[in-house]
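Quick notes on the structure that follows.
The values are calculated or read from the model by the stated rules, or taken from the named source; none is laboratory data. Computed from a prediction, not measured in an experiment: that's the story for all the values here. Note that each Cβ is placed from the backbone with ideal geometry, even for glycine, and that neighbours are counted across all protein chains shown. What goes into the accessible areas is simple: the full protein's heavy atoms, side chains included, and nothing from ligands, DNA or RNA. Shrake-Rupley method; radii C 1.70, N 1.55, O 1.52, S 1.80 Å.
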Amino acid sequence: MSSEGSAYVIRRARTGDVPGIRELVEPLVQRRILLGKEAVTFYESVQEFRVAETADGQLIGCGALHVMWSDLAEVRTLAVADPWLGRGVGRALLGRLEGDARELGLSRLFCLTFEVGFFERNGFVDMGSETVDPTLYAELVRSHDEGVAEFLDLARVKPNTLGNTRMLKRL
């Protein structure tokens, strides 16, 4: 992929990328766009991440796909370095995560975001008060994963997510 003469590739993240992923995410944590995570959390989920990297090895973006159920995954921690905003990096990362979701046989993607316009331009819609059927709810509510709690719109995650929009895309 290329943007204004500067090539980048999207690839699977490696453990050595975790410090760079944290550097990409930290400014968004400071601006309260993303929730902060401990280093161990990034290492535990490194296999879920894709990164965008320039030809000289600089990480310029990241994003993760976290499977939540047989047909459902969450797009997490989608971040692009400020100088690369508006240059297609986020769209390319999201496209790769969607491809990964299709390979896994998933048919729905969830995200919790302040970047509503970006996700709308990429086919996501506001979930509003949409819920899942009671049988699936009973299974999902057993999860300790915060993303699942956000998807279900559980009261315990409200202090951390006020102002975010729950969005969904059908693949």
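Could you work out the relative contact order of the stretch 8-170, using alpha carbon pairs under 8 angstrom and six or more residues apart, expressed as a whole percent?
Computed over the stretch 8-170, the figure is 20 percent.
For the chain, modelled as a GNM with alpha-carbon contacts under 10 angstrom, which of 93, 72, 140 fluctuates the most?
140
Using only alpha carbons, build the gyration tensor for the chain and give me the equivalent ellipsoid semi-axes, biggest first, whole Å.
27, 17, 16
Order the following by accessible area, largest value first: 11, 91. Probe radius 1.4 Å; ligands, DNA and RNA are ignored.
I get 91, 11, largest accessible area first.
For the stretch 76-135, which chymotrypsin sites (Phe, Trp or Tyr not before Pro) are both in a DSSP coil and crowded by at most 16 other Cβ atoms within 10 Å?
Passing both the DSSP loop test and the Cβ count: 114.
With label points built 7 Å along Cα→Cβ from the Cα atoms of residue 30 and residue 138, find their separation and express it in nm.
For the pair residue 30/residue 138, the computed spacing is 4.8 nm.
Using the charge dipole of the chain (Lys, Arg: +1 at Cβ; Asp, Glu: -1 at Cβ; taken about the Cα centre), state which of 105, 59, 89 has its Cα farthest towards the positive end.
89
Give me a comma-separated list of calculated 3J(HN,Hα) values for the stretch 38-44, in order, Karplus coefficients 6.51, -1.76, 1.60 applied at θ = phi - 60°, integers in Hz, x for any Gly or Pro.
6, 4, 4, 5, 5, 5, 5
Could you tell me how many degrees, from 0 to 90 and to the nearest 10, lie between the Cα long axis of helix 89-103 and the main elongation axis, the longest principal axis, of the Cα atoms of the chain?
For 89-103 against the chain, the angle is about 50 degrees.
What part of the accessible area of the stretch 8-170, given as a whole %, is carbon or sulfur when the probe is 1.4 angstrom?
Taking all protein chains in place, the stretch 8-170 shows 51 percent carbon and sulfur surface.
Could you do me a favour and compute the accessible area per residue for the stretch 24-71, 1.4 Å probe, result in Å²?
52 Å²
So, with +1 on the Cβ of K and R and -1 on the Cβ of D and E, and no other charges, what is the size of the charge dipole of the stretch 8-170 about its Cα centre, to the nearest 20 debye?
260 debye
Taking amide H atoms as placed 1.01 Å from N in the peptide plane, list the residues 5 or more away in sequence, or in a different chain, whose amide H sits under 5 Å from that of residue 78.
64
So how tilted is helix 18-30 from the main axis of the chain? Cα-based, degrees 0 to 90, rounded to 10.
Once rounded, the angle reads 70 degrees.
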